[in-house]
1. How large is the accessible surface of Glu222 in square angstrom, using a 1.4 angstrom probe and rounding to the nearest 10?
2. Using the alpha carbon gyration tensor of region 165-207, what are the three equivalent-ellipsoid semi-axes (square root of 5 times each eigenvalue), largest first, in whole Å?
3. Taking H placed 1.01 Å from N in the peptide plane, check which residues at least 5 places from Tyr176 or on another chain put their amide H under 5 Å from its amide H.
4. Based solely on its DSSP helices, what 222 nm [θ] is calculated for the chain when runs of n ≥ 4 H residues each add -39,500 (n - 2.57) and the sum is averaged over all residues, nearest 500 deg cm²/dmol?
5. Please list the equivalent ellipsoid semi-axes of region 5-45, computed as the square roots of five times the alpha-carbon gyration tensor eigenvalues, in descending order and whole angstrom.
6. Give the long-range amide H neighbours of Ala29: residues separated by 5 or more places, or on another chain, with amide H under 5 Å away, using H modelled in the peptide plane at 1.01 Å from N.
7. Heavy atoms only, probe 1.4 angstrom, no DNA, RNA or ligands counted: give me Tyr241, Tyr176 ranked by accessible area, highest first.
8. On each of the three principal axes of the Cα atoms of region 1-78, give max minus min coordinate, whole Å, ordered largest first.
Amino acid sequence: MARLVLFGPGFTGIRVATALQREGWHVDAINRTTSAETVRATLAHATHIVSTVPPGEEGDPVLAAYGDAIGTISWIGYLSSTGVYGDTQGAWVDESASLTGRRDGRIAADLAWQALGARVFRLPGIYGPGRAMFERLRAGKAHRIDLPGQVFCRIHVDDIVAGVRAAMRQGPPGAYNLSDDLPAPQNDVVEFGCRLLNLPAPPLRALEDLDLSPAARAFYRENRRVANGKAKRLLGWRPLYPTYREGLAAVLASI
């Protein structure tokens with residue numbers, strides 16, 4: 001029996017686990033409360049590893065604790081971020097690009113997992129059932145921000161699951177961008193969500209006028225288009241929701 005050890009059973013990890021369990025896999029989910037002894041005993045029987053755990057101030061906690069054991073397992077997957085590319089001023093970026101992002105911990109973790117032979121999935125903004133803008137739109141908490149020319153990508157959570165599954169079937173280790181086919185301004189996405197809900201679009205506001213965290217402000221100051229051709233060529237992956245339009249409509253239909 002194929003046995004997956006999943007580090008970080010959060011929003012995306014749980015959906016990966018559920019998809020595999022439906023196919024007859026055994027999944028062991030590891031969280032912060034799982035003892036080190038239990039983790040090592042579980043890893044001894046694993047055929048596959050997936051980690052969704054982000055790095056902390058002292059590096060990647062999963063690799064720091066269990067890197068020696070993980071490196072012996074034949075298939076390793078790690079969910080990284082397209083933030084490792086930094087701001088490209090709207091230009092397209094693929095997996096061959098230099099990693100110059102502001103997230104030094106993310107870059108180090110991305111490279112460390114690759115050094116172990118992992119399939120590293122670089123992800124943009126993730127959305128899906130239970131994590132979309134509809135609640136914020138209905139509550140009047142969504143914004144349109146006056147940032148002309150700014151675009152970025154996003155990915156439906158089920159397309160991440162499909163990408164991980166595709167990489168389990170074929171394709172060499174290395175980095176893969178899992179992103180939708182239509183980089184777009186966030187304002188376009190907000191306006192489309194409003195049309196789906198028959199709500200007026202929120203007013204356009206300056207970034208400086210919004211009460212955002214430093215991380216959110218830094219996010220909005222980045223501008224890039226992420227190419228997904230490598231995953232299509234080598235993994236045979238195609239997004240189920242190639243644009244935010246199909247994805248948001250599906251999320252709303254599932255509510």
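1. 20
2. So the equivalent ellipsoid measures 36, 14, 7 Å along its semi-axes.
3. Here the answer is Val120, Phe121, Arg122, since their amide H atoms fall under 5 Å of that of Tyr176.
4. Per the formula, -11000 deg cm²/dmol.
5. For region 5-45, the ellipsoid semi-axes come out as 19, 13, 5 Å.
6. Under 5 Å from the amide H of Ala29: Leu6.
7. Order by accessible area, largest first: Tyr241, Tyr176.
8. In descending order, the Cα extents are 36, 26, 21 Å.
The values are calculated or read from the model by the stated rules, or taken from the named source; none is laboratory data. Quantities reported herein were computed from a predicted structural model and do not represent experimental measurements. All Cβ positions, even for glycine, are placed from backbone atoms using ideal geometry, and neighbour counts span all protein chains on display. Accessible surface is based on the protein model in full, side chains and every heavy atom, while ligands, DNA and RNA are left aside. Shrake-Rupley method; radii C 1.70, N 1.55, O 1.52, S 1.80 Å.
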